[in-house]
Each structure stands twice: as C-alpha cells, then as structure tokens.
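Any read-out appearing in this document is the output of simple, stated calculations on the displayed coordinates, not a laboratory observation. Here the structure is a predicted model, which is why all the values come from computation and not from measurement. Ideal geometry is used to build each Cβ from the backbone, glycine not excepted, and the neighbour counts take in all protein chains shown.
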Amino acid sequence: MKKADKIRQTIAREAARLMYEDGVAEYRDAKRKAAKPFGPEAALSLGSHLPSNAEIHRELQRFIGLYEGDVQPERLLRLRLMALRTMELLAPFDPLLVGSVLTGAVTERSDIDLHLFADSPEEVEEHLRGNGVPFDCDLVTVRKGGRLRDYPHVYLDEDGVVVECTVYPRAERRCAPVSSITGRPMERAGAKKVRRLIGEMTEPPPEE
C-alpha cells in the first residue's frame, strides 16, 4: 500500500472512531480532527490523503459490526418501529425516513431523521399541538442546489430518542437532497417501505 493510501486509510478509521466513540455528528468535522496529526489541513485538502465520506462511512459500519454486532439488529428494529409510529402521526405531511435508521448503520447515539412536506412549518406545529405532542423548533441553514437555504427543523422525543424532522415545501417532495456520503440523491423511504423493512426483520427464519 502506498504511503498516501496508508494516511488516507488511517484518517478514515480515526474519523469513524471519532463518530462512533465521541459522537462527532458530521463527517466533515470528524475528517478535520482525524487529519490534524498529519499536517496543515489546507495542505491535506489539496492532496489525495483525505478520505471520502463514503470511505469513513464504511469504516463506521465496520466499527458497529465489530463492537455492536450482537445488539445492533435489536436496536435497529426498535428505532425503525419508533420511526414508523412517528411517520404515522405525521402522515398528513408525507414523511420520508432518511439517514442511519434507514441504512442500518445505527449506534446507541443514533437519532431518527425524517423529511416532512408542508405548505408552512406552522402546519406541522399546529398538528403536533393538536395531538398533544411536545416539540422544539429551529432554523437550520443547508446548502442545496449550490446555494444556502434555511429549512425549519422540528425536534420530537420518542421514548428517549430524538426525532429530527426537516420541513420542506410540498413542491420539493420529489426532489431528494444529495447525500453527503454517496454524492447521489439521498435514499429515502415512506411508511410503506419502512413497514416492509420491519417485516423482513421480524420474519421467522425458514425451516431447514
């Protein structure tokens, strides 16, 4: 293995460790911290040493399989069941599940990420109030289509797990954001697909 490849792999593994053990949430932040021992960040970013988010994600999945292989399936099922309950509550807003609970790369720190679609965030807030569900709100700036945009986020608590709901205009229902891991349109799943995934996890093994 070339020296550059060894540095790249080391940074990917350390970034994954930071995300797994220290709870660093963003790939970018984990990558920067992991790269510090190897020299100035500006110099590294110009070379081939920095791993992609996909490489870090693969290492993160390896950590999860190595240290949590026994409990991970049960945890994933629990989180998907929680996600489905929340999606059913928020059915008027065409919820889509995204992130680790969909892909399966969950840890004990994982939250549930949903995309909602409404004419206004107040619609979602009023719906939650009407159902007696407590929530918090925030405005988060993200880059989409090459420019910065503000999207309302609504935070719920589902049995101690944070459910983060990003509220998009209804017109953006079919416009999937680009994944920071793959660089392609983000994988998303409606309630029907989530039910199917849960069913696949709970099916009894075939008889020999």
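Observations
- In degrees, nearest ten, helix 191-202 long axis to first principal axis of the chain (Cα): 70
- Protection-proxy order for peptides 82-89, 121-128, each taking the mean of Cβ atoms within 10 Å per residue, highest first: 82-89, 121-128
- Cβ-to-Cβ counts within 10 Å put 186, 201 in ascending order as 201, 186, the fewest first.
- Based on DSSP H segments of at least four residues, each scored -39500 (n - 2.57), the chain has a per-residue ellipticity at 222 nm of -14000 deg cm²/dmol.
- Per-residue extension of 0.36 nm, minus the Cα-Cα distance of residue 77 and residue 148, leaves a gain of 22.1 nm for this segment.
- 3J(HN,Hα) along segment 49-54: 7, 7, x, 7, 4, 5 Hz, from the Karplus curve 6.51 cos²θ - 1.76 cosθ + 1.60 with θ = phi - 60°, whole Hz, x for Gly and Pro.
- A cut-off of 5 Å between modelled amide H atoms, ignoring neighbours fewer than 5 places along the same chain, links residue 24 with 19.
- Rounded to 10°, Cα long-axis angle of helix 121-130 versus longest principal axis of the chain: 60
- Residues in segment 87-130 that a label on residue 173 would reach, taking backbone N under 13 Å of a point 7 Å out along Cα→Cβ: 91-96, 116-119
- What separates the Cα centres of segment 98-175 and segment 54-74 is a distance of 25 Å.
- Given their separation in residues at 0.36 nm each and the Cα-Cα distance between them, residue 201 and residue 139 gain 18.8 nm when the chain is fully extended.
- Relative contact order (%) - the chain, alpha-carbon pairs under 8 angstrom, separation at least six: 18
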